[in-house]
1. Restrict the search to segment 77-169; then list the GluC sites (Glu not before Pro) that DSSP places in a loop and that have at most 16 other Cβ atoms within 10 Å of their Cβ.
2. From the phi of every residue in segment 94-111, what ³J(HN,Hα) in whole Hz does the Karplus formula 6.51 cos²θ - 1.76 cosθ + 1.60 yield, where θ is phi - 60° and glycine or proline is x?
3. Where Lys and Arg each count +1 and Asp and Glu each count -1, what net charge lies around Arg146 among other residues with Cβ under 15 Å from its Cβ?
4. Could you work out which residue, out of Ser14, Ser106, Ser75, moves most in a Gaussian network model of the chain, that is, has the largest mean-square fluctuation with Cα springs under 10 Å?
5. In the neighborhood of Leu167, defined by Cβ-to-Cβ distances under 10 Å, what is the net charge if each Lys or Arg adds +1 and each Asp or Glu adds -1?
6. Note down the Stokes-Einstein diffusion coefficient of the chain in µm²/s, whole number, using a Kirkwood radius over alpha carbon pairs, 25 °C, and 0.890 mPa s.
7. Just want to confirm a number: the relative contact order over segment 1-90, from Cα pairs under 8 angstrom separated by 6+ residues, in percent.
8. For the chain, what relative contact order do you get, as a whole percent, if you take Cα pairs closer than 8 Å and at least 6 residues apart?
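Derivation of every value follows stated rules applied to the coordinates shown; laboratory data play no part. Worth saying up front: this structure is predicted, and the values here are computed from it rather than measured. Don't worry about glycine lacking a Cβ; one is built from the backbone with ideal geometry, like all the others, and counts go over all protein chains shown.
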Amino acid sequence: LTDEDLDHLKNTGSRLQLGTVLTRDEMLRLALMSSENRAASALARAYPGGMTAFLREMNLKAIALDMMQTSFVDSTGLSSGNVSTAQDLAKMVTAAYQYPLIRQYSTGNGYAVQTGSGRMLEFRKTNALIPNPDWNIELSKTGYIREAGRCLVMQTVIAGAPVVIVLLDSWGRLSRSGDANRIKKWIEYHAGRMSLG
């Protein structure tokens, strides 16, 4: 991690100190599981061609996925210049589900990395629903900036069927979980009624 990975836009903090050296695999896991912004920045910076090439590829991927209302300007998601719609994000979740590492890393409960000083640093998931036995979450990503509110995308199985949930601009710290639980109960209720004929 270098000075280039510091967040000068929102001035968010990080438990990863400058000078920390991790593998791309570790950075990817921390970015997906813990929304670690410095890890996301370092991944983009270390991409062949650097940040510019990384952002170009992100936007080309969005076009390839027919995400026509989506545009990326940074790799961390901290800029309000990153824009998308619920429909486009559902397309992204469906595409991301095809990658086993994204499924695995985005639904992990915790992961420890060794710092430059030799100390182990433990990171936790950002989606509180993941360890809940009532849920079968197969892919998940949370996000927050003031302009977008608290957001959650995930693919899960409800009433025996795969379901993509996209929640944008949840207003309270626990609103994402509460809204997701209400959606799950609604789907289960209606699936039960349909099975009764």
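1. Numbers: sites: Glu122, Glu138, Glu147; in loops: Glu147.
Those satisfying the criteria are Glu147.
2. Listing the rounded values in order: 4, 5, 5, 4, 6, 9, x, 5, 5, 4, 5, 6, 6, 10, x, 7, x, 7 Hz.
3. Working: positive: Lys10, Arg150, Arg173; negative: Asp7, Glu147, Asp169.
So the surrounding residues net to 0.
4. Of Ser14, Ser106, Ser75, the Gaussian network model singles out Ser14 as fluctuating most.
5. Values: positive: Arg150, Arg176; negative: Asp169, Asp179.
After counting each charged neighbour, the total is 0.
6. Working: Rh = 17.9 Å.
For the chosen part, D equals 137 µm²/s.
7. Working: 94 pairs, mean separation 19.7, N = 90.
Averaging sequence separation for qualifying contacts and normalising by length gives 22 percent for segment 1-90.
8. Working: 301 pairs, mean separation 30.7, N = 197.
It rounds to 16 percent for the chain.
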